[in-house]
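S.K.: Here it is, the structure, as C-alpha cells.
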Amino acid sequence: MSSPDLTDKERQAVLDVLNTPMLSIGPKINEFEAAFSAFSGRSEALGVNAGTSGLHLIVRAFDIGENDLVLTTPFSFVASTNAILFEKGIPIFVDVDPKTGNIDPVLLKQAAADLTAGGEAAKRWLPKKGAENPGPLKAILAVDVFGQPADMDAINQVAKQYNLKVIEDSCEALGAEYKGKKAGTLGDCGIFAFYPNKQITTGEGAMIITNDKKAADMMRALRNQGRAPGDTWLSHTFMGYNYRLDEMSAAMGLVQLERLNEMMEKRDQVAAWYQERLKDLKELELLHIAPETSRHSWFVYVVRTAPHINREQFAASLADLGVPVRPYFVPIHLQPYMVNQFGYAPGDFPITEDLGARGMALPFSSVMTESQVGQVTDAIRQVIADL
Ligand SMILES: *Cc1c(COP(=O)(O)O)cnc(C)c1O
C-alpha cells in the first residue's frame with residue numbers, strides 16, 4: 001500500500017548515532033525540534049514517540065479531563081478520538097463536509113451553540129449513553145484529513161466565540177497549506193506524525209508544535225515521566241509517561257524533513273499520474289481540493305466508488321488482480337468499542353458513513369513509478385469493464 005522513501009543520507013545519520021553512546025535524550029532530538037520550529041515558525045516543538053502519544057499530551061496539557069466535551073470528527077483515524085477518551089473526556093462528533101471529508105464548520109458552530117445552551121438543545125449532540133454527566137465544552141479537535149487542512153478560519157471563529165482551545169491534528173498533512181499558512185500552525189497546538197506511510201518517517205514518531213510555552217513545558221515534563229525542570233532522574237513532579245523520541249529516529253527525521261519538498265513533489269507527480277488515468281471514469285470520484293487549500297500535501301490517494309458501485313466487490317476484484325486497496329476510513333463512531341461505550345448506530349453521521357462506505361485508498365508513495373501507477377489503473381479499468 002505504501003513505502004518509505006529513504007536514501008543513504010538517512011542510513012548514515014542513523015549509523016552516526018549508533019556510533020555514539022547517546023541513543024536517547026541526546027543532541028539529535030534538540031536539532032530535530034529546532035528544525036521544526038524553523039519550518040513552522042512556532043516557538044515550541046516537541047518530538048514524541050507517536051502521533052497518538054502526542055495527541056494525548058496535548059489533551060492533558062489543555063486540561064481536558066473526565067466528562068469534558070471536545071468537538072471532533074468521526075471521519076478520521078481512531079487516534080484523534082482516542083486521545084480524548086484516554087482522559088475520560090467525551091468526544092462530541094460533528095459530521096463532515098462531503099467534498100473534503102473535513103469537519104463541517106456550519107454544523108460545528110451549531111453544536112457549540114447548542115452544547116453551550118445546554119438542556120434539550122445540547123442533548124441532540126450528546127451520545128445516547130456514556131454522557132450522563134456532561135461537563136463543559138473545552139476544545140475543538142480538528143483533523144486535516146488526507147493531507148488537506150480543515151477549514152481552520154471558520155473553526156477558529158467558533159473557538160473564539162465559545163472560548164475553546166483548538167487542537168489541529170495534522171498527522172496526515174505535513175507540508176500542506178491553508179490560505180498560504182502551514183497546516184499545524186492554524187490552531188493553539190498542532191501535531192505531525194511520522195509512521196512509515198506519512199509524508200516523512202522516523203519509523204515511529206511525531207512532532208507537536210505550538211506557541212503556548214506553558215502547555216509546551218507541561219508536555220515536556222509529561223513525555224519524560226513527569227519530570228519537571230529541576231527534577232532529578234528519580235523525582236517526578238507529575239504522573240507522566242515515557243513518550244520520548246529516540247536519537248536514531250530524530251536523526252532520521254532531520255534528513256527526512258530536509259527532503260520534504262522533494263518527496264512532496266514526487267507525491268504530487270504520482271497523484272497526477274493517477275488523476276490523468278482515472279479522471280474520465282464515472283465509476284470513481286477523485287479527491288476534491290478546496291480553494292482554501294493553497295498547498296495540498298498528498299498523504300494517501302483515496303478515490304470514492306460512485307454510489308451505484310459495490311465497493312467490497314470492486315476491492316475484491318482488484319485484489320484478485322494483485323492490487324491491494326483499503327477502505328478509508330471506517331467511521332470512528334461505528335468501531336465496536338465506540339458502539340459499546342456510547343451506543344452509536346448506523347445513520348448517526350450519514351456523510352461520514354457515506355464517505356466511509358465509498359472511500360478506497362489505492363497504493364501510494366513517493367517512490368511509486370509511472371508504470372506501477374499504470375498497473376493499478378489498468379487493473380481498475382479491467383474491473384470496471386467486467387462489472
Ligand atoms: C497517523 C495519524 C495519527 C498518529 O498515529 P501514530 O500511528 O500514533 O503516529 C493521528 N491522527 C491521524 C489522523 C493520523 O492519520
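S.K.: Look at segment 188-214 and say how many of its residues are assigned to a loop (DSSP other than H, G, I, E, B) and within 14 Å of the ligand (Cβ to nearest atom).
M.R.: Summing the residues that are assigned to a loop (DSSP other than H, G, I, E, B) and within 14 Å of the ligand (Cβ to nearest atom) in segment 188-214 gives 12.
S.K.: Scan segment 301-337 residue by residue and report those that are of a type in the set (Gly, Ala, Ser) and not in a loop (DSSP other than H, G, I, E, B).
M.R.: Answer for segment 301-337, where residues must be of a type in the set (Gly, Ala, Ser) and not in a loop (DSSP other than H, G, I, E, B): 315, 316, 317, 319.
S.K.: Looking at segment 226-279, which of its residues are part of a helix (DSSP H, G or I) and among the hydroxyl-bearing types (Ser, Thr, Tyr)?
M.R.: 249, 274 - these are the residues of segment 226-279 that are part of a helix (DSSP H, G or I) and among the hydroxyl-bearing types (Ser, Thr, Tyr).
S.K.: Within segment 46-70, which residues are more than 16 Å from the ligand (Cβ to nearest atom) and part of a strand (DSSP E or B)?
M.R.: Within segment 46-70, just 69 meets the criteria.
S.K.: I would also like to ask the following. So which helices (runs of 4 or more DSSP H) are wholly in segment 73-126 and hold at least 1 residues that are under 25 Å from residue 54 (Cβ atoms) and among the hydrophobic types (A, V, I, L, M, F, W, C)?
M.R.: Hits in segment 73-126: 79-86, 105-117.
S.K.: Please go through segment 200-218 and give me each residue that is over 28 Å from residue 366 (Cα atoms) and hydroxyl-bearing (Ser, Thr, Tyr), ordered by number.
M.R.: If the condition is that a residue be over 28 Å from residue 366 (Cα atoms) and hydroxyl-bearing (Ser, Thr, Tyr), then 210 is the only one that fits.
S.K.: Residue pairs, Cβ under 6 Å, 6 or more apart or interchain, first in segment 274-302 and over 21 Å from residue 3 (Cβ atoms), second surrounded by fewer than 17 Cβ atoms within 10 Å (Cβ to Cβ) and of a type in the set (A, V, I, L, M, F, W, C). List them.
M.R.: 283/306; 283/384
FYI, it's all coordinate maths here, none of it is from the lab. The model shown is predicted, which means the values in this text are computed figures rather than measured ones. Heads up, the Cβs are rebuilt from the backbone with ideal geometry, glycines too, and the neighbour counts pull from every protein chain shown.
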